[in-house]
Amino acid sequence: MELLLDSIFNGIAIGSVLLVAALGLAIVFGLMGVINLAHGELMMLGAYTTYVTQLIFKLPILKPFYNWYVIISIFLAFIVSGVVGIILEKTIIRKLYGSPLETLLATWGVSLILQQFVRSVPLSYGSGLIISLLIGMVLPLFFPTKIKESIKFKYYKLASWSFATLIGILSAELISSLISKLGRASSRNVDVTAPAWMRGQIEILGNTFPKTRLMIIIITLISVIAIICFLNQSAWGIRIRAVTQNRQMCDCLGISTEKVDVITFGIGSGLAGVAGVAVSLLGSVGPNVGGNYIVGCFMVVVLGGVGNLLGTIFASFGIGIMTDLIGAGRLLNIWPNMPLSLSNTINFFATTSMARVMIFALIVIFLQFKPSGLFPQKGRMVES
Amino acid sequence: MNTKNIKINGRLKFIFWVLLIAFVVAAPSLLPVFRLNLLGRYLSLAIVALGVDLIWGFTGLLSLGQGIFFTLGGYCVAMYLQLNSSSEFPNNIPEFFALYGVKDLPFFWAPFKSLFFTLFAAWLIPALVAAILGFLVFRNRIKGVYFSILTQASLLVFFNFFNGQQKLINGTNGLKTDVTQLFGQMVGSELIQRYFFWITVFLVITAWFFSKWLIKGRFGNILIGIRDDEPRVRFTGYNPVLFKTIIFSIAGALAGISGALYTVQSGIVSPQFMTVPFSIEMVIWVAVGGRGTLLGAILGAVFINYAKSLVSEALPASWMFIQGGLFILVVTTLPQGILGWLYSESPRNLLQRFGFIRKIKTYPSLEINKNGES
């Protein structure tokens, strides 16, 4: 019994990383039908945001608040990945709705560019670029209605964009002069160190638990609750769900589907950024960090059934628990005197990579019986 | 098309073939050894691109797991070469087995001592694996994006498996072939490599004609039908599962041949061939060259890889930018690829816009919707 509890704890720890990573994907893929292979790279941006925030909070002015930089970096990562995601939607993905395979290929191209961008552009200039994009996009929203409707609005927009560019360049120069580490481009992995209160172990029900894992579980929990509340309670959330169900009808009823698309994609990407913060707490951060998670995330979404968050939650914890059961060879402990051939098989799969093999194989087998996941969408379409 | 055009076309084709054959025969003496080897490798990649074009361009199945079959073919050939040049090692088995304390050859490697068996296994095994995988997936009507994701997941399964099995296949180090012997010659030697180049060219052309033959007849029509409207094909009384499985396993076989040729020319096969980016790159070649055009797949594979090696030599960091940009550009603006664009009306329109060709006063033909609907 205790062993089972052990497994469940570890499984939840593994599954919560998967869940927070797959949550954004579930929204983008499930609600919009867009395959975003750049999701992993958006996670990477979130992880790098944590790193940059950490270095900024080491500056003498902000030193007193250093303990709380992780909390702030969650919001920053959401904004950074969200901004990049919105730009992605507005420039590329918008042209490709209805052709998911093309989207898949285009977003793969984006992911290559983002990876190389992180390698060959100094992080300070990257953050400057993000800052200017953010200001340039947000500033026009705050203009008074009179200006917005005037014929000269585009000149005002131009002015605000040039202002944003200026701010971006200045902040990039400021950051690289203050923190020389960020002023150089490097393809080496960087490390995020958790503040003192997050290091060490904690004891729950007789199990020792790293505090960072607990932090990740909390981050996951908050994101899940926030996203469920958003989708179910807020006006935009309800619009998003409505567009998912019937796009044409929403268009007819005066819901701006374009805006809904942008918001959905922005939120999905922002959640990828939050996942990036979680990932950065687990290991070192590099340009390829997202690639390790992306396929796992897709498996979670496919296993859970497209278009509902409940399935995503069940699937990620299920995969997490199974990974722990197989990868640590726990079945042997539960049933010590099993036949030799069976125990040999279990030992064969009791490594991290072989557990992955087993999990994917199990998922493929599972999909033989339930092709559209744990919680399929009900419908009578031929295509469904 | 009138008779005059056909005559000119025939003559052009004849000249094209003469030039091609002349180049292929002369290439080993014209090009430096290094470049020749690269060309041979890229030509062998053209075969896998043909397979991708068959399943994606004609049947509409975007597989991101062709690397599995590619690598399987590579391992078959590499193991044959290793087994046949390991007589001086203890137990007559390849050297790496001793490193992990393996005394006997694993049973499934035993048949690979024969050349005859290997030549068949290199494409039959990938084809079988593809058929099984494809059947399991298609039977449940998993298609579109889900198919892509599942193939990618299977790719990772195979990658992790091959990466972790030191005792069976030397794990992450892979199998080397360039220091092995074939007919008493080093495989890495210039002479053998030249023969491999010619074999590759021959097989590329054969595969091209085979694919052409395949899509020309009724079989090809059904494939295109599946791509454009699968339920309708089903309702007409055909079983799409069968056709999809067949074409997927043919693509797997082509990938196996391609992997075998690539392995002997690059000197090593390793699980690195099964990484996710490499399999997606295969799709890129077809997308850029022109999907649905077989020639486009071949040209795309060769030219993009050549461009890759040239750019990477000059500016190592910029290739990823160029590749990503090319990808986005092709998908958003040239969905039919470069060759597909050339075949369409667009180049004519472009020339007309700049005044190189006189505009036709009336419409050339009525807009008949070829698909018959919407």
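Since every read-out is calculated from the coordinates, none of them should be taken as a lab result. Since this is a predicted model, take the numbers as computed values, not measurements. Positions of Cβ are generated from backbone atoms using ideal geometry, with glycine treated the same way; all protein chains shown enter the neighbour counts.
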Report task. Mind sorting B:W198, A:W197 by how few other Cβ atoms lie within 10 Å of their own Cβ, fewest first? Result -> A:W197, B:W198
**Report entry** Amide proton proximity set for A:V285, modelled H, under 5 Å, gap of 5+
**Finding:** A:V190, A:D191, A:V192
Report summary line: In the stretch B:74-221, lysine pairs 8 or more places apart or on different chains with C-alpha atoms under 29 Å apart total 8
Query raised in the report: Under a GNM of chain B (C-alpha, springs under 10 Å), which listed residue has the highest mean-square fluctuation: B:D228, B:D178, B:D104?
Result: B:D104
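Longest segment of chain B with no GluC sites (Glu not before Pro) in a DSSP loop having at most 15 other Cβ atoms within 10 Å? List each step's numbers first, then the result.
On the way: sites that count: B:E88, B:E345, B:E367, B:E373.
The segment B:89-344 is the longest one with no such site.
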Requested in this report: State whether the stretch A:1-145 is rounded, prolate or oblate according to the following rule on the C-alpha gyration tensor (a ≥ b ≥ c being the square roots of its eigenvalues): a/c under 1.5 gives rounded; otherwise a/b larger than b/c gives prolate, and the remaining case gives oblate.
Outcome: oblate
Query raised in the report: Between their Cα atoms, which of A:K90/A:K157; A:K63/A:K211; A:K95/A:K259 are more than 20 Å away from each other?
Result: A:K63/A:K211
Query - At most 13 other Cβ within 10 Å, DSSP loop - trypsin sites (Lys or Arg not before Pro), the stretch A:130-169 - result: A:K152
Query raised in the report: Which whole-Hz couplings ³J(HN,Hα) result when phi for each residue of the stretch A:313-322 is put into the Karplus expression 6.51 cos²θ - 1.76 cosθ + 1.60, θ = phi - 60°, listed in order with x for Gly and Pro?
Result: 5, 4, 5, 5, 5, x, 4, x, 5, 4
**Report entry** chymotrypsin sites (Phe, Trp or Tyr not before Pro) restricted to the stretch B:37-124 and DSSP loop, no more than 15 other C-beta within 10 Å
**Finding:** B:Y100
Report task. For B:R35 paired with A:T257, estimate the spin-label separation in nm (one decimal), with each label point 7 Å from Cα along the Cα-to-Cβ line. Result -> 5.3
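Rank these for me by crowding, B:T245, B:T71, going from fewest to most other beta carbons within 10 Å.
B:T245, B:T71
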Query raised in the report: How far apart, in nm, are the 7 Å Cα→Cβ label points at B:L12 and A:K211?
Result: 7.4
Requested in this report: Sum -39500 (n - 2.57) across every DSSP H segment of at least 4 residues in chain A, then divide by the residue count to get the 222 nm mean residue ellipticity, nearest 500.
Outcome: -23000 deg cm²/dmol
**Report entry** Förster radius 35 Å - calculated FRET efficiency between A:I71 and A:K152, Cβ distance, rounded to 0.05
**Finding:** 0.25
Query raised in the report: What percent do you get for the relative contact order of chain A when only Cα pairs under 8 Å and 6+ apart count?
Result: 34
Query - Packing-based exposure ordering (other Cβ within 10 Å, fewest first) of B:W319, B:W213 - result: B:W213, B:W319
Query raised in the report: In degrees, nearest 10, range 0 to 90: what is the angle between the Cα axis of helix A:291-304 and the longest Cα principal axis of chain A?
Result: 70
